[in-house]
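Following: one structure in structure tokens, then a few remarks.
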Amino acid sequence: GAVVSQHPSRVICKSGTSVKIECRSLDFQATTMFWYRQFPKKSLMLMATSNEGSKATYEQGVEKDKFLINHASLTLSTLTVTSAHPEDSSFYICSADGPGGGGLPYNEQFFGPGTRLTVL
Amino acid sequence: KNEVEQSPQNLTAQEGEFITINCSYSVGISALHWLQQHPGGGIVSLFMLSSGKKKHGRLIATINIQEKHSSLHITASHPRDSAVYICAATSGTYKYIFGTGTRLKVLA
């Protein structure tokens, strides 16, 4: 249980185009989903937190207009990289707030397999 | 100084060896998480614990709240255990505070 998928797994695009990445919780409903960016051999960097039906909360330094996040349902969040540039090339990972039941105040996050974006 | 520190940063072991990865944190936590990131990038949640010890197969995670320290142990290591192991803390919110990761390579 608690499986999260991401699509696409890999995308190459031209500079100036927009790219949409989907994150789905397959067997549970996720009120909250998270978007991370990871540079080579570095730790995950939280970009934004999205709650179903409301605006995403972006971390300091993350451009809202560049990284558009939509969480339209309890199983789907999307990240759109608008007007992509080579410096946006990175590994993007989503996670979903798990179904809980562990008796702890906050749920475990379950991670998607990631999307490798290359902007030419 | 990072709020969550891991050691070692890199570790090479022979197949069959017992492996220990350490995690120290300086914040009060609600839970401590151990994650495994495969070479392809996917991340698997291994353990979430707030006290004591948990075991799953060959993996054991322990936490000492007083010492603010957690360890991940791998018994009878295998080349397929080669991955980056990440310790993360949740401290009063849903946000994960990540350690820098331990890159493990198990040789056949």
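The values are calculated or read from the model by the stated rules, or taken from the named source; none is laboratory data. Since the model is a prediction, treat every value here as computed from it, not as a measurement. Counting neighbours? That spans all protein chains shown, and the Cβs are built from the backbone with ideal geometry, glycine included. Surface accessibility is based on the protein's heavy atoms, side chains included, excluding ligands, DNA and RNA. Shrake-Rupley method; radii C 1.70, N 1.55, O 1.52, S 1.80 Å.
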Distance violations [Cα-Cα > 32 Å] among A:Lys55/B:Lys55; A:Lys42/A:Lys64; A:Lys42/B:Lys55: A:Lys55/B:Lys55
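Order B:Glu17, A:Glu63 by their accessible area, 1.4 angstrom probe, all chains in place, largest first.
A:Glu63, B:Glu17
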Accessible area in the full protein assembly, largest first, 1.4 Å probe, for B:Asp81, A:Asp27: A:Asp27, B:Asp81
Distance (nanometres) between label positions extended 7 Å along Cα→Cβ at A:Leu74 and A:Arg116: 3.6
Distance cut-off 17 Å, percentage of C-alpha pairs in the stretch A:41-98 lying past it: 40
B:Arg103 accessible area, assembled protein chains, probe 1.4 Å, Å²: 100
Among beta bridges that DSSP assigns inside chain B, antiparallel share in %, nearest 5: 90
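Remind me, what semi-axes does chain A give for its equivalent ellipsoid, largest first in whole Å, using sqrt of 5 times each Cα gyration tensor eigenvalue?
Numbers: eigenvalues 118, 40, 36 Å².
Equivalent-ellipsoid dimensions as semi-axes: 24, 14, 13 Å.
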Surface accessible to a 1.4 Å probe, per residue, for the residues of the protein assembly as shown, Å²: 48
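Send over the per residue convex hull volume for chain B, Cα only, as a whole number of Å³.
With only Cα atoms used, chain B gives 92 Å³ per residue.
In what sequence, largest accessible area first, do A:Val19, A:Val3 appear using a 1.4 Å probe?
Numbers: A:Val19 10, A:Val3 65 Å².
Solvent-accessible surface, decreasing: A:Val3, A:Val19.
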Contour minus Cα-Cα distance for B:Ala108 and B:Ser7 (0.36 nm per residue): 34.1 nm
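May I ask for the Rg/Rh ratio of the protein assembly as shown, computed from Cα atoms with Rh as the Kirkwood radius, given to two decimals? The partial results should precede the final answer.
On the way: Rg = 17.7 Å, Rh = 18.2 Å.
With Rg and the Kirkwood Rh in hand, the quotient comes to 0.97.
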